[in-house]
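Right, I'll just put the structure down here and ask away after.
The values are calculated or read from the model by the stated rules, or taken from the named source; none is laboratory data. Computed from a prediction, not measured in an experiment: that's the story for all the values here. Cβ coordinates were reconstructed from backbone atoms using ideal geometry, including for glycine residues, and neighbour counts include every protein chain displayed. When the accessible area is computed, the model is the full protein with side chains, heavy atoms only, and any ligands, DNA or RNA have been set aside. Shrake-Rupley method; radii C 1.70, N 1.55, O 1.52, S 1.80 Å.
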Amino acid sequence: MSFVDTLRQWDEAVTCVEKGDSAEALRIFLSIEEPNSKICFDIGCLHVLDEDLDKAEKAFDCSISKDGHLAVAFFQRGNTFYKKKRYEESLADFKQAFKALRGNQLIDYKALGLRYKLYACEVLHNMALAEVQMGLWEQAQENLVKALDYKTESKLNLIDKALQSTLKQNIFKLVDFPPKVLFTPNKNYVAELEKKDYLGKAKVVASVIPQDEFSGFAPLQPQVEDGPTHPKEPEVLRALEGAPHTVLYEFVPETSDELAVVPGNIVFVLQKGSDNWASVVFNERRGLVPYNYLEPLDILDSKKKKQGASRSPSQEPPTRPERKQGTKVEKETSKRDAPVKRTAVSHTPVKPAENTCIVKVYYTFNFAVSVTPGSSYSSLMEVISKKLNVSSSTLTLSSNAELNQESEINGDTEMESVWSRAGSGRVALWCFNTKNSDSIKPESEISLVALHSYESSSPEDLTFQQGDTIMLLCRVNQDWLEGQCHGQTGIFPASFVEEVSKNGQVE
């Protein structure tokens with residue numbers, strides 16, 4: 001199913017919900033062959049509305065598998081588990097939702113098409129409720145006290161009432177997701193689905209010839225006696241930014257930041273990346289298009305236009321260039337000391353096969369192993385020690401870069417808590433050689449200082465402020481690095497930081 005067909009059905013289903021026909025909306029949603037994470041979330045919400053919790057759980061599973069950073073999907077699945085009285089699984093999902101908030105007070109999903117704000121205090125409220133159902137009253141009180149730090153004025157009474165209930169060891173109410181609130185498709189894309197009359201309506205004009213009985217369009221008449229001997233050259237549209245190109249082949253986008261174009265369209269290339277993707281402008285919209293689908297165009301040269309238009313429409317388009325996940329192309333900056341643009345990240349994530357989980361291990365070098373989700377500690381250590389050719393008795397695993405009692409993973413660790421952190425079939429772990437401390441991550445000895453503040457624009461990015469110290473984990477490529485700052489791990493532009501030498505001076 002094409003992107004356009006999926007978009008059309010998505011819009012039709014949302015319209016049905018707005019009209020009160022949830023059954024028809026669910027039928028349309030289920031007919032979509034390859035639903036994205038947002039559509040799967042919508043399907044789950046409609047199943048919850050029908051009180052079919054088993055199907056709702058499967059739909060939210062699908063949504064999370066397609067987007068492991070969608071906090072609201074973890075929140076909804078946690079609520080579904082709670083209603084099914086599976087409190088341990090519910091608690092695990094609420095913890096994942098809170099982790100995805102990254103210390104923020106709330107996430108406003110309006111920009112993604114969902115009119116809903118997920119509050120950290122409400123996630124902690126439901127987390128405490130799941131703990132209450134498990135008899136963990138003290139932990140529930142701790143989470144509610146923690147929720148007071150994240151509360152807003154409108155949520156103050158909610159947390160206070162829940163805290164009072166726990167002191168009396170009474171059950172309180174679950175904060176549920178509002179019914180019939182769904183992700184909606186991008187309104188700009190939906191607008192493109194409407195048919196447009198670019199020719200307009202014909203108008204009957206009066207003839208300039210006296211006593212002319214002609215009805216319809218007037219014949220072309222000279223407006224001045226001494227007109228130009230040669231037709232006027234077309235003017236170059238200097239206001240348009242970028243180099244003009246003709247589209248040679250139809251391109252159907254697979255992600256939201258790619259742009260749908262068809263043969264004959266004129267696009268303006270703002271930037272061409274080294275991975276053969278171009279950032280273009282078309283109809284006042286910006287997006288990514290494969291550069292090998294385009295051909296440079298000279299606006300003043302009509303012969304080139306004809307040559308471009310004469311290309312056989314039946315010709316097969318070139319191979320779609322490899323797209324790097326979660327990348328965007330933005331405007332360049334002209335100042336040397338200003339933050340540079342974000343270009344396509346050239347690291348290619350390992351795609352996990354079915355029933356496997358990719359474990360990225362930080363050691364003296366970084367590597368990845370494939371294991372079965374839910375594997376025991378001994379099975380996981382066997383794979384890692386075999387990869388390193390080191391005895392497992394000398395290795396220690398940790399959930400973060402700082403090995404301590406809380407982060408250490410050993411034979412007594414509940415492995416469910418480890419695998420629950422696997423988003424999209426991937427999880428990161430740190431490995432330490434306890435008999436050779438000097439071999440622990442030489443990259444960790446490299447410290448970086450932030451020259452500019454960087455706000456993450458995607459879940460895999462690392463947010464930091466100017467002056468922060470960042471521990472380098474690995475070099476993705478010449479433009480992007482991976483590091484850790486304030487307990488968070490992610491990638492960031494190399495031009496935003498400089499290396500700190502061993503004597504503490506910026507190099």
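Which pairs, out of Lys58/Lys180; Lys19/Lys58; Lys55/Lys84; Lys66/Lys99; Lys38/Lys187; Lys84/Lys161, put more than 21 Å between their alpha-carbon atoms?
The pairs that break the limit, which is 21 Å between Cα atoms, are Lys19/Lys58; Lys84/Lys161.
If you don't mind, another one. Want the number for Leu49 to Met415: 0.36 nm per residue separation, take away the alpha-carbon distance, what's left?
That works out to 128.4 nm of additional length.
So, for region 1-114, what is the accessible surface per residue at a probe of 1.4 Å, expressed in square angstrom?
Values: 5300 Å² over 114 residues.
Result: 46 Å² of accessible area for each residue.
Sorted by mean Cβ packing within 10 Å, highest first, what order do the peptides 172-184, 469-481 take?
Result, highest mean Cβ count within 10 Å first: 469-481, 172-184.
Can you give me the distance in nm between label points at Asn292 and Leu174, each placed 7 Å from the Cα along the Cα-to-Cβ direction?
5.1
Calculate, in nm to one decimal, what Thr469 and Arg115 gain on full extension: separation in residues at 0.36 nm each, minus their alpha carbon distance.
Extra length from Thr469 to Arg115 when fully extended: 123.8 nm.
Could I ask something else about it? Once neighbouring chains are kept in place and the probe is 1.4 Å, which whole percent of the accessible area of region 126-188 is contributed by carbon and sulfur?
46
So, by mean Cβ neighbours within 10 angstrom, what's the order for 242-251, 395-404 with the highest one leading?
Ranking the peptides 242-251, 395-404 by packing returns 242-251, 395-404.
Which shape class applies to region 39-145: rounded if a/c is under 1.5, otherwise prolate when a/b exceeds b/c and oblate if not, where a ≥ b ≥ c are the square roots of the Cα gyration tensor eigenvalues?
oblate
Another question about this same structure. Using mean Cβ contacts within 10 Å as the protection proxy, how do 67-74, 10-17, 52-59 order, highest first?
Descending mean neighbour count gives 67-74, 10-17, 52-59.
For Lys387 and Asn400 in the same chain, what is the full-extension length gain: residue separation times 0.36 nm, less their Cα-Cα distance, in nm?
On the way: separation 13, 0.36 × 13 = 4.68 nm, distance 2.01 nm.
2.7 nm is the gain from fully extending Lys387 to Asn400.
Can you compute the FRET efficiency between Lys187 and Asp108 using 1/(1 + (r/R0)^6), with r the Cβ-Cβ distance and R0 = 22 Å? Round to the nearest 0.05.
0.85
What does the charge count near Tyr109 come to, summing +1 for each Lys or Arg and -1 for each Asp or Glu among other residues with Cβ under 11 Å from its Cβ?
Charge balance in the 11 Å sphere: +3.
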